[in-house]
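For reference, the structure discussed in these notes is given below.
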């Protein structure tokens with residue numbers, strides 16, 4: 001046998017000889033079988049905890065003459081049971097302003113749900129049902145995710161219950177703008193297919209642990225879908241269960257992002273080149289009481305430099321409601337530091 005023929009023969013045998021060692025070759029069929037077993041195992045573990053949420057909302061609509069009248073709007077979404085006593089996680093946009101919630105389990109049993117609280121700023125909500133023998137999910141750690149990692153999404157797109165799709169983590173640390181205008185940080189991007197009705201369903205890893213809450217897909221793009229990391233979800237869910245809301249602070253300004261003049265940046269040795277210009281101030285607000293004026297450049301808040309509106313939103317947390325904190329502005333060319341006491345945001349009440 002020639003050396004070339006001998007080499008080809010060796011490549012087709014199991015195990016394979018390489019550098020004096022034997023290494024097992026895994027065929028494509030075997031790899032696919034391992035992948036299939038991983039996906040089916042995770043799906044079997046998570047599916048009993050996934051629920052379908054039918055929502056009835058009462059909204060005001062206008063006719064062609066501009067007259068308003070009430071109208072019942074129905075929709076649906078997904079959710080998952082995360083405690084044995086019936087707490088369910090879903091998206092805020094699924095249940096916000098809901099008049100009635102009907103929850104269907106995988107065994108077909110239906111229960112009326114109670115809205116515990118929702119947070120439009122992170123698009124998360126918690127509802128609860130009273131039912132026996134509920135199976136809850138196991139929550140993972142979204143900080144341990146890696147790009148390229150296998151993930152599985154489960155939900156009820158277009159009413160098709162417990163639909164399973166799989167893909168990979170396409171990117172980490174994305175930001176997604178909520179309907180309220182705030183940015184949601186540390187969002188997971190995945191190519192696991194999401195469709196209307198998937199919202200609120202779980203995104204799980206290969207072990208079947210929930211690492212995200214499916215929230216959005218970019219249409220008409222294919223394979224660009226997003227999930228809110230479970231670590232963010234744990235924090236928000238705990239506050240919703242405790243208080244029924246997430247408290248954030250409010251100072252009462254409207255502003256826009258603007259560049260800072262280069263002379264001012266150099267003179268004050270600022271580490272930022274853009275900030276917020278205050279365009280208006282609400283009467284009797286924290287900003288008015290602090291002495292802020294229209295036209296001020298708000299460059300620092302509570303010890304943090306502010307590059308723009310999104311940076312300010314990150315600092316307006318519930319911990320500083322009623323607490324006096326420093327705010328630094330550039331007024332004309334003068335740098336001023338004032339004290340401001342943020343109020344509770346109206347959206348939190």
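Read the figures in this text as sums done on the coordinates, not as results from a lab. All values derive from a computational prediction rather than experimental measurement. Cβ placement follows ideal geometry from the backbone for every residue including glycine, while neighbour counts extend to all protein chains displayed.
Here are a few things to note about the model shown:
- Hypothetical label at residue 333: residues of the stretch 249-265 whose amide nitrogen lies under 17 Å (7 Å Cα-Cβ projection): 260-265
- Order of 232, 275 - criterion: other Cβ atoms within 10 Å of each residue's Cβ, fewest first: 232, 275
- Hydrodynamic radius of the stretch 127-246 by the Kirkwood approach over all distinct alpha-carbon pairs: 14.8 Å.
- Gain on full stretching of the segment that runs from residue 171 to residue 268 - 0.36 nm per residue minus C-alpha separation: 31.2 nm
- Crossing angle, helix 28-46 versus the chain [Cα axis fit, 0-90 degrees, rounded to tens]: 50 degrees
- Separation of alpha-carbon centers, the stretch 71-105 and the stretch 229-261, rounded to whole Å: 22 Å
- Residue 150/residue 346 FRET efficiency (R0 35 Å; Cβ-Cβ; nearest 0.05): 0.25
- When the chain is treated as a GNM with alpha-carbon contacts under 10 Å, the residue of 137, 61, 95 showing the greatest mean-square fluctuation is 61.
- Nearest 10 degrees, 0 to 90: helix 230-243 Cα axis against the chain principal axis: 50 degrees
- Cβ-derived FRET efficiency at R0 51 Å, residue 294 paired with residue 219, nearest 0.05: 0.80
- Listing 324, 307, 284 from fewest to most neighbouring C-beta atoms within 10 Å gives 284, 324, 307.
- 14 Å reach of a label modelled at residue 314, 7 Å along Cα-to-Cβ, counting backbone N of the stretch 324-349: none
- Label-point separation, residue 65 to residue 241 (7 Å along Cα→Cβ), nm: 5.2 nm
- Full extension of the chain segment joining residue 180 with residue 206 gains 6.0 nm, where the gain is 0.36 nm per residue of separation less the Cα-Cα distance.
- Stretch gain in nm, segment residue 130-residue 99, where the contour uses 0.36 nm per residue and the Cα spacing is subtracted: 9.4 nm
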